[in-house]
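The values are calculated or read from the model by the stated rules, or taken from the named source; none is laboratory data. Since we're looking at a predicted model, the values are computed, not measured. Here the Cβ positions follow ideal geometry from the backbone for every residue, glycine too, while neighbour counts run over all protein chains shown. Ligands, DNA and RNA are stripped out before the accessible areas are found, and what is left, the full protein with its side chains, is counted by its heavy atoms. Shrake-Rupley method; radii C 1.70, N 1.55, O 1.52, S 1.80 Å.
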Amino acid sequence: MVHFYINLIELLCHGNYSVRKMEGKFKLKACEEIDARSSELNSIGQEIWKNPELGYEEFAAHELLTTFLEKEGFNVSKKTPLETSFIARYGNSEGLKIGILCEYDALPGVGHACGHNLIAEAGIGAALGIKSVLDVIPEKNVQLIVFGTPAEECGDGKTRMIAKGVFDEPDICMMSHPAPYEIPIPMWLAACDLKISFKGKASHAAAAPWEGINALDAAVACYNNVSMLRQQMKTTSRVHCTIVKGGDKPNIIPEYAEMHYFIRGLTDADKTDLYQKVTNCAKGAAEATGCTVEFAINCEMSSINTNKILIELYISNAKSLGVSFNDEDQVTKLLAGSDMGDVTQIKPSIHPLYRIQTAGANHTHKFTQATGDVINQLPTLNSAKSMAMTAIDVICKPELMEDIKKSFQGVC
């Protein structure tokens, strides 16, 4: 660290200061800062892991993260624009704006089985690394913005924030996600969260079943129709559901049944096509049983548009830390979705997966165990460093933004 400041002072004194020439040293400084703060970062990840909170109820995590960032000198807007979201800014409000995203919501029953505690830790770590460099760059027009984004598992935290103009600010956005694989460009699918409601007519199931119209039968028929539909679905598409409501007592013909579907496709067009087919399955079930059917879309998510230039920088920086990318053949094993997809559709962004040691897939109890294991601190810090160094690339080489924008627009 002493050598860094000596070299910086020498360049300044000789009038040869060049941000470009300092790129390597800036990256080293960012990594050293993240390492120096590793204990604090681990505490953040552990505290969130020990206190899992569902979407829009992440009050403790919100307080933990915003208080930490305030102490670090960030200008923090709490509860903005949602009750458990935040926006934390550091640096010059003019010029380049770099967005780092944090998630921190958990899943019902299995806690942090998707590792959002580690996503928050990696995001805060990247922010600390970038901030340490901004502190030594004189008169540099760069602002770092940390976005606290709740309720990813609900599917619409970021989508709501987009609707309120939150992501109009940043020029680029970055977030990383723990998984059993190291995949920089995973297949994040477009998704639709759909509620299907069937309405029938109650009657005594033994004394007068002919007087009833069975809404549960409609739900079961819909389930079976969709199961048959799977034979003709694309291999990259997914449909899965739960029957949320199916009646109150066995001796009452169920007059109401409710199903909760997730519909996913590789593209928005695939998702829309599959949605139409699933709703047709439901309409057929309603017709067959004499029920009426209603549809309500809770939220929709776009597929993730990974920025080619940004992800190439991320990969190069991760490799410099010894990270190995050899899991591309596993890409089809994680056909999930995220509201980060909506962010990537409006801003050049990346959302890579980084490998943690785990015996289970995401959304399993084993994965929950892994996200709280100290052994996975190193890959989380490496991902934080990789994001920080990618930001430094863009800061030190302004011409990269032109290529990033062209890639986002599909020009190159």
Amide H contacts under 5 Å for residue 106, placed H, 5+ residues apart: 53, 54, 55
Accessible area (Å², per residue) of the chain, counting only protein heavy atoms and a probe of 1.4 Å: 42
Cut-off under 5 Å, modelled amide H: who pairs with residue 363 long-range: 114
Fraction of accessible area attributable to carbon and sulfur, the chain (%, probe 1.4 Å): 52
Helical contribution to [θ] at 222 nm, DSSP H n ≥ 4, -39,500 (n - 2.57), averaged over the chain, rounded to 500: -13000 deg cm²/dmol
Net charge dipole size for the chain [Lys, Arg +1 and Asp, Glu -1 on Cβ; Debye, nearest 20]: 500
Where trypsin sites (Lys or Arg not before Pro) fall in DSSP loop in the stretch 57-128, at most 10 other Cβ within 10 Å: none
Accessible-area ranking of 266, 41, largest first, probe 1.4 Å: 266, 41
Estimated vicinal HN-Hα couplings, Hz - the stretch 192-205 in sequence order (Karplus 6.51, -1.76, 1.60; Gly, Pro = x): 10, 9, 10, 9, 10, 10, 10, 10, x, 8, 6, 6, 5, 5
Probe 1.4 Å, all protein chains present, accessible-area order of 161, 401, 187, largest first: 187, 401, 161
Nearest-0.05 FRET efficiency for residue 234 and residue 79, computed from C-beta distance (R0 35 Å): 0.30
Compactness index (Cα Rg / 2.2 N^0.38 Å), the chain: 1.12
Solvent-accessible surface (1.4 angstrom probe) belonging to residue 235, in square angstrom, nearest 10: 120
Residue 160 accessible area, 1.4 Å probe, all protein chains in place, Å² to nearest 10: 110
